[in-house]
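First comes the structure, then the notes that go with it.
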Amino acid sequence: MDSWIAIIRLDLALFLRDRKALVLLYLVPVLMAAFFGQLTGGTGGKAERSAIGLVLVDLDGSAASRGVVAAFTNDSTFAVVVTNEAAARARVTAGRVPVGLIFPPGFSTNLLQGIFQSDRRPVVTLLFDPSHETERSLLEGMLVPKIVSGVAEGLLNVDVGRDLIARGRTNILRAERLPEIQRRLLLDSLAQADAFLESRRMSVVQTNAAAGPAELPLPYRVDDQPLTRVAGARYNGFAHSFAGMSLQFVLMVMIDLAVGLLTERQSGTFRRLRAAPLSRATLLLGKATSYAIIALSTFVVSFAVAISAFGVRIHGSWFGFVAVILALCYFSATLALALAAIGRTPKATRGLAIPVVLILLMLGGAWIPSFIFPSWVRTVSLWMPTGWGIEALDAMTWRGLDVSAVFLPVAGLVAVGTLLGGIAWRRFRWDGEAGS
Amino acid sequence: MNTDRSAPVVLAARNLVRRFGDRTAVDGVSFEVRAGESVGLLGPNGAGKTTTFSMITGLLRPDSGELLLGGAALVSDTDPIKRRLGLVPQDLALYEELDARRNLGFFAAIQGVGQSRIPEAVRSALEFVGLSDRADDRVGTFSGGMKRRLNLAAALLHDPDILLLDEPTVGVDPQSRNAIFDNIAELRRRGKTLLYTTHYMEEVERLCDRVIIIDRGRIVVDDSLARLRHRAGTGAGAELRIELEEPASDTLSGTLRDIPGIGSVRIDGRSVQVRVGSLAAGSSEVLRRLAEAGIAVRSFSAEPPNLEAVFLELTGRSLRDS
Ligand SMILES: Nc1ncnc2c1ncn2[C@@H]1O[C@H](COP(=O)(O)OP(=O)(O)OP(=O)(O)O)[C@@H](O)[C@H]1O
Ligand SMILES: [Mg+2]
């Protein structure tokens, strides 16, 4: 018992002395988790993307075109610069801005007349940097809704609207081949629109102070339903990235510890241990315990930061969460011992441990969620204890499942850990004779 | 000091054999050590000294043969009888990243010194080797000599009665070396049983009552120092050092080599070194021949019988690469 505690205390003291290991274990995972969490959707709201640079040239200067410009300017997706045509072309050509739009003179009148005469439709020029195809297609996709809402906004400028209606009426009356019934219908609806605008003149006057560019509502509404079990639980990309990154660095430090154990076995201090009345079981148990404590400290630090600074919440069961963490510590510690026992020499162990840990991490979904893998890889992933652990942590954090969701993963981790411990117990030679 | 034949045998090796692959590192070694005895284990590199120690302390299992500690064989790794042994490993066995106190505290706990007694055990071990004032410094900052002293202290924490010292002064400056010798002499005075490996006959002469010479895994001599000295006195002769008034002539070498029973002759300017079979007869004959040749002698001295010569004679090998 005393020897067991002495070994644990020594290992922890040695570990705390090792600055590199400390940075690797506490600082790097937090930074990486913050970074990856940000990439994979942050705290569940809209992902914070950098705005796309967009140059706009308004050669029309009508209420409608100004409305479209305003619609783009008010959208945080774009960082809009309004300029003249030459400057706009120069900027895109120089690659300083990926996309641009030029609204031609007569844009708004032609837009309305284009409804009736397709050859009069205005031509909007889309400038783009060929290396920014994504931005180009995004802009193209947004062009129609922006023009609709922008023009509508412009049209709601009463004077312009009524003027357009008057011109529309003239056009309708002039169109000789239009069947009488349709002419009547169109004139009727224009009259209604005119009346609407007239009534609106009053309300515009009244609410002028509160006026902001109100977008016309789209004809449909998107109802997002992120599916988590607990009301109020929201997907948090950080929950997943902190789980994955802390496990990654725990396993990387376990490689170091496994190699360190073998280096220590070759050293004089190990001879002293062997000369003392100390059993192999006490030694292995002491090592496993100190490794598990080191692993635990990483999870504690990582999740403390995740919870206090990144809004990660344990929406599931705290008990389940702690159980998963402890099971992961047990698994990591026995993995280190098994790697040392199988590898036998420091070099061989490193050579063995690095691919094993990388596979455990990659297929376990520590870096990228495993659902994007091809199906046969996904099948293999199901066998990764690391994957069980990360899924179980997800279950207890943002998914908010109840404690029963971790029973199987925890049992699995404990079983595999025990198997690895057994391998270490059978195969670890502590005589430490080189090459024999 | 204690060569009492009636003292109990505390350590016995019977026909120990240990192989590494097809190399036999220890090849049928047998010896006994009695309580309070101080035994030097002398041998060149690779003789099998460390391997023998490793078997005694349970680090290595012998391929065959038997080891008895206090009359009993080690039955398990946790055998409490191990507490009677204190090992000073040949390679420094310390955690450089930790301070001296923490190192000793750990080794004390591992040796089964109770928690409450550890601070006192550590304090007195540090005091014994004269490192009390460096107790809280990182071992990595110690000089080579200080590390060696701490390496010794780490073996003393559980107050073992048998000490296995594997080249405890290797690579150490004369000052620390003397400090360690003083420590070992003090341990001997306290009645500890010492088994001491070295490449230096002079260390054995200074610290031990008995010497076991081992070469290529076999024991070639196991005898008391007194008897070995006697053997050296008769068998290996003496070394004469003569300083002449004038540089030696070319013919002197031939003159001296003519003397019956003469060994090597080395002449360098005024200084002459001659090995003779027997001190009394050899020296008078050498001086007589010099007088006959009319060579004036400024000084004359005879070296005491040299035990290293015994080793050379017995093994045909030098103890160290010179
Ligand atoms: N772990 C090992 N694996 C293989 N060979 C070994 C091992 N340990 C020792 N040997 C070999 O056994 C022989 C005896 O070595 P040992 O260390 O016992 O010698 P020694 O007398 O202590 O030498 P030195 O004075 O150099 O310390 C040497 O030939 C050595 O190479
Ligand atoms: Mg040796």
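Among B:Ile242, B:Gln111, A:Val69, whose Cα projects farthest towards the positive end of the dipole of the protein assembly as shown, with charges put on the beta-carbon of Lys, Arg (+1) and Asp, Glu (-1)?
Projecting each Cα onto the dipole axis, the largest value belongs to A:Val69.
Suppose the chain between B:Ala73 and B:Ala291 were pulled fully straight at 0.36 nm per residue; how much longer would it get relative to their current alpha carbon spacing? Don't jump to the answer; show the numbers that get you there.
Working: separation 218, 0.36 × 218 = 78.48 nm, distance 6.53 nm.
Contour length minus the Cα-Cα distance gives 72.0 nm.
May I ask you to evaluate 6.51 cos²θ - 1.76 cosθ + 1.60, the Karplus curve with θ = phi - 60°, for each residue of segment B:198-207 and list the ³J(HN,Hα) values in order in whole Hz, giving x for glycine and proline?
Karplus-based 3J(HN,Hα) across segment B:198-207 equals 6, 9, 10, 4, 5, 5, 5, 5, 7, 10 Hz.
Obtain the nm distance between the two label points defined at A:Val377 and A:Leu12 by a simple spin-label model: each point lies 7 Å from its Cα along the Cα-to-C-beta direction.
The modelled label-to-label distance comes out at 4.0 nm.
Indicate, rounded to the nearest 5 percent, the antiparallel portion of the DSSP beta bridges found entirely in the protein assembly as shown. Please report the intermediate quantities before stating the final value.
Details: 43 of 71 bridges.
Counting only bridges with both partners in the protein assembly as shown, antiparallel ones make up about 60 percent.
Ignore the peptide's own chain and count Cβ atoms of other chains within 10 Å of each Cβ in B:152-161; give me the average, rounded.
On the way: counts 0, 0, 3, 2, 0, 0, 2, 0, 1, 0.
For this peptide, the per-residue mean of nearby foreign Cβ atoms is 1.
Choose one of A:Pro409, A:Phe319, A:Gly343: the residue whose Cα lies farthest towards the positive end of the charge dipole of segment A:316-436 (beta-carbon charges +1 Lys, Arg; -1 Asp, Glu; about the Cα centre).
Checked the options; the winner is A:Gly343.
Filter the trypsin sites (Lys or Arg not before Pro) in segment B:1-47 down to the DSSP loop ones having no more than 11 other Cβ atoms within 10 Å, then list what survives. Don't skip to the answer; put the middle values down first.
Working: sites: B:Arg5, B:Arg14, B:Arg18, B:Arg19, B:Arg23, B:Arg34; in loops: B:Arg5.
Sparse-neighbourhood loop trypsin sites (Lys or Arg not before Pro): B:Arg5.
Note down the magnitude of the dipole of the protein assembly as shown about its Cα centre, charges +1 on Lys and Arg C-beta and -1 on Asp and Glu C-beta and zero elsewhere, to the nearest 20 debye.
Numbers: 83 positive and 76 negative charges, 226 e Å.
Here the protein assembly as shown has a charge dipole of around 1080 debye.
Given a Förster distance of 45 angstrom, what is the FRET efficiency for A:Arg121 paired with A:Leu39, based on the Cβ-Cβ distance and rounded to 0.05?
Details: r = 42 Å, r/R0 = 0.92.
Computed FRET efficiency for A:Arg121 and A:Leu39 comes out at 0.60.
Averaged across B:90-97, how many Cβ atoms of other chains sit within 10 Å of each residue's Cβ atom? Show your work: numbers first, answer last.
Details: counts 2, 5, 3, 8, 4, 7, 3, 6.
Other-chain Cβ atoms within 10 Å of each residue's Cβ, averaged: 5.
Quick one: if you stick a label point 7 Å off each Cα along the C-beta vector at A:Lys20 and B:Ser64, how many nm between them?
Those two pseudo-labels are separated by 4.8 nm.
On average, how many beta carbons from a partner chain sit within 10 Å of the beta carbon of a residue in B:110-118? Please report the intermediate quantities before stating the final value.
Values: counts 15, 9, 6, 2, 1, 3, 0, 0, 2.
Neighbouring Cβ atoms belonging to other protein chains average 4 per residue here.
What's the FRET efficiency of A:Arg177 with A:Thr77 using the Cβ-Cβ distance as r and R₀ = 56 Å, to the nearest 0.05?
With a Förster radius of 56 Å, E is 0.80.
For segment B:1-138, what is the charge dipole size about the Cα centre, in debye to the nearest 20, if Lys and Arg each add +1 at the Cβ and Asp and Glu each add -1 at the Cβ?
Numbers: 17 positive and 18 negative charges, 62 e Å.
That gives segment B:1-138 a dipole magnitude of about 300 debye.
Taken together, the values in this text are just the output of simple stated rules run on the coordinates, not laboratory data. Since the structure is predicted, the reported quantities are computational estimates derived from the model, not experimental observations. When we count neighbours, we look across all protein chains shown, and the Cβ atoms used for this are built from the backbone with ideal geometry, even at glycine.
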